[in-house]
Amino acid sequence: MPLGREVCDALADFHAEFRESGDGSGALAAAERHGYRGLDGYIEFWTKLATDAPRPEGYVKTNTWLLLRGERVIGEVRLRHTLTPRLEEDGGNIGYSVRASERNKGYATYLLRETLKRAAALGLKRALVTIEATNGSSLRVAEKCGGLRIADVVAEDGVLLRRFWLSTMDLGADAHDRHPSGR
């Protein structure tokens with residue numbers, strides 16, 4: 001589901017769980033750095049990035065989708081339509097997150113595979129994903145989705161990142177593409 005105000009309460013719960021687990025939200029912090037405060041600001045910032053409106057320097061057109069189970073936000077994913085030199089190092093085309101209580105249930109794999117299909121629809125033949133080297137679960141997701149590891153880089157904040165190119169071609173549906181809830 002696209003990001004929108006109708007899920008504000010569910011999104012608040014999602015971000016609260018990130019704070020409680022110590023993960024934080026880089027996406028929330030990015031919105032705040034540009035003067036978009038609170039959840040309304042978060043929604044406005046990321047919704048605006050999906051349009052052709054002027055964007056802050058270094059940002060590209062970006063779509064954000066939420067994965068819901070009932071009224072609960074399970075995860076979110078972003079698809080950047082193009083890459084800047086900085087995004088080629090840190091950020092990539094696709095970024096996804098799953099709330100801590102729902103990890104290791106297949107949601108991240110589902111989000112990444114579905115977003116690769118959306119990238120293909122935009123005409124991208126491949127998509128870049130960057131993952132912290134210590135995030136074993138997410139590294140396995142990238143590998144499971146056919147990621148080809150390229151050079152590691154150290155991000156501006158000193159974190160070692162592993163970079164993966166993932167093909168958007170030949171993403172035919174199979175049993176592994178089902179929603180983790182069985183739908």
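The values are calculated or read from the model by the stated rules, or taken from the named source; none is laboratory data. The structure presented is a predicted model; accordingly, all values stated were derived computationally and were not measured. Backbone-built Cβ (ideal geometry, glycine too); neighbour counts: all protein chains shown. We work out accessible area using only protein heavy atoms, side chains counted, and drop any ligands, DNA or RNA first. Shrake-Rupley method; radii C 1.70, N 1.55, O 1.52, S 1.80 Å.
For this structure, a couple of remarks:
- The selection criterion, being in contact with a strand residue (DSSP E or B) (Cβ under 6 Å, 6 or more places away or on another chain), of a type in the set (K, R) and surrounded by 12 or more Cβ atoms within 10 Å (Cβ to Cβ), holds for R149.
- Scanning region 35-42 turns up no residue that is open to solvent by 30 Å² or more (accessible area, probe 1.4 Å) and closer than 16 Å to L79 by Cα.
- Output for region 69-103, where each listed residue is of a type in the set (A, V, I, L, M, F, W, C) and surrounded by 15 or more Cβ atoms within 10 Å (Cβ to Cβ): V73, I74, V77, L79, L83, L87, I94, V98
- Members of region 111-132 that are within 27 Å of V159 (Cα to Cα), out of contact with any helix residue (DSSP H, G or I) (no Cβ under 7 Å at 6 or more places or on another chain), surrounded by 14 or more Cβ atoms within 10 Å (Cβ to Cβ) and not β-branched (V, I, T): L111, L116, A119, R126
- R19 passes every criterion in (1) modelled with pLDDT of 85 or more; (2) open to solvent by 80 Å² or more (accessible area, probe 1.4 Å) apart from (1).
- The C-beta contact set for region 154-165 (first residue aliphatic (A, V, I, L, M) and modelled with pLDDT of 95 or more, second residue surrounded by 12 or more Cβ atoms within 10 Å (Cβ to Cβ) and outside any strand (DSSP E or B), distance under 7 angstrom, 6+ apart or interchain) comprises L160/A133; L161/D90; L161/A133; L161/A155.
- Of the residues L11, L39, the single one that is touching a Phe, Trp or Tyr at 6+ places or on another chain (Cβ under 9 Å), over 25 Å from P85 (Cβ atoms) and hydrophobic (A, V, I, L, M, F, W, C) is L11.
- In region 94-103, the residues that are within 16 Å of L116 (Cβ to Cβ) and assigned to a helix (DSSP H, G or I): none
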